[in-house]
Amino acid sequence: MQGNYQSAGAILLGFGAVLSIVSYSLLQNIPLTALGLGSVIVGIASLMLPPNPIPSSLVREMLQNSATNIEAVLEEFGVKGKAMYLPPREGRVTAFITLEERPVVEIASSAGEVPLRVLSMASGSRGVTIFPPGSELPKSQEAHSEGSNEDFLRTVLVDTSELVRSVKSNTLGDTEVVEIKGAKSIPNLPRFNHCLGSLPSSIAASALAYKTGRRVVIDSEDVNGTDILLILRTFGQSADRPKTEGMID
Amino acid sequence: MERNNLYLLTLSGLMALSTVSMAALGQQDLDVYVSLFVISYFATSAIFSPRRRTFDFLGAGLFVVFSIIVALRVIAILGV
């Protein structure tokens, strides 16, 4: 049925229209007329759905694969720090992670421009810059970026990726308290989870970095089964999505 | 099950249920059926929030129809 919303909708619309007209004008049967109108409504509703949507299970698989690849990179470099999610450059959010364990808040508040290359320096610390999973997701939801942070997080995490069941968020100054319920995918990737947070938290941080145009760090993350209580902190001035000419080395 | 499929199935189920139950009660007023359809549509849309290709023209149209039905009922009650 997934790729056939339009054909199913057209059939229901045609059938409903004929049934309601015949029932009302010829048979003068109100329940049958109502049945026809119901078919018309379901048909139009079906026609309005997007054709051939990518199954959410496939999107989740792709995000998980991306996280697995990043896990391998982090293992290879022996990364121990926590991620600082950077405002979008060329439309994509990046994350800088120090090789050594160091308070990320200290780096986020003092670091200058972080070069867009795999190995780079920020605030005197060597680290890696990666594209976190779903760094493209917020870009595809640009139209929704004018609303509240909660609306944007819901659009990215619930509507687009269908990675979680619900998202609530509250902004308190530079802090964003995010309550995620019903996470459908929390891959068991120790290094990734330590550095970038769990997959839904990482995507939430990326989305917030995109939305606010500021640096974002995960202040705390409490995973309880499929529910996550996440505290994100934003740093720096809102950037107007600056463009850099850096290349990935 | 995919959310869009669930949305369509729930909408169809609610509309079929409304039609059958009203027909069983001998309801011969088309306004009642349409009103129930409108409520079913908005309830299902609110629960599943399906992604749409366009602005929700159907919702807007149904809202207008529902408003007209309610207005006619109010006028009838007031006896204007």
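Tabulated data for the structure shown
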| quantity | calculated |
| --- | --- |
| Radius 13 Å from Cβ of A:VAL104, net charge of other residues (Lys, Arg +1; Asp, Glu -1) | 0 |
| Relative contact order for the stretch A:169-220, counting Cα pairs under 8 Å that sit 6 or more residues apart, in percent | 20 percent |
| Diffusion coefficient, µm² s⁻¹, Stokes-Einstein with Kirkwood Rh over alpha-carbon pairs of the stretch A:2-47 at 37 °C and 0.692 mPa s | 321 µm²/s |
| The protein assembly as shown: radius of gyration over Cα atoms, expressed as a fraction of 2.2 N^0.38 Å | 1.28 |
| Residues whose placed amide H lies under 5 Å from that of A:GLU90, excluding near-sequence neighbours | A:THR244 |
| Sequence-separation-based contact order of chain A, relative, with Cα cut under 8 Å and 6+ spacing, percent | 19 percent |
| Lysine pairs within chain A, Cα separation less than 16 Å, 8 or more sequence positions apart or different chains | 5 |
| Relative contact order (%) - criterion: Cα under 8 Å, at least six apart; region: chain B | 38 percent |
| Cα Rg, Dmax, the stretch A:56-235, angstrom units | 14.6, 41 |
| Descending semi-axes in Å of the stretch B:3-78, equivalent ellipsoid built from Cα gyration tensor | 24, 18, 7 |
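No value in this document is a laboratory result; all are computed from the given coordinates. Everything quoted here is computed from the prediction, not taken from an experiment. Cβ coordinates were reconstructed from backbone atoms using ideal geometry, including for glycine residues, and neighbour counts include every protein chain displayed.
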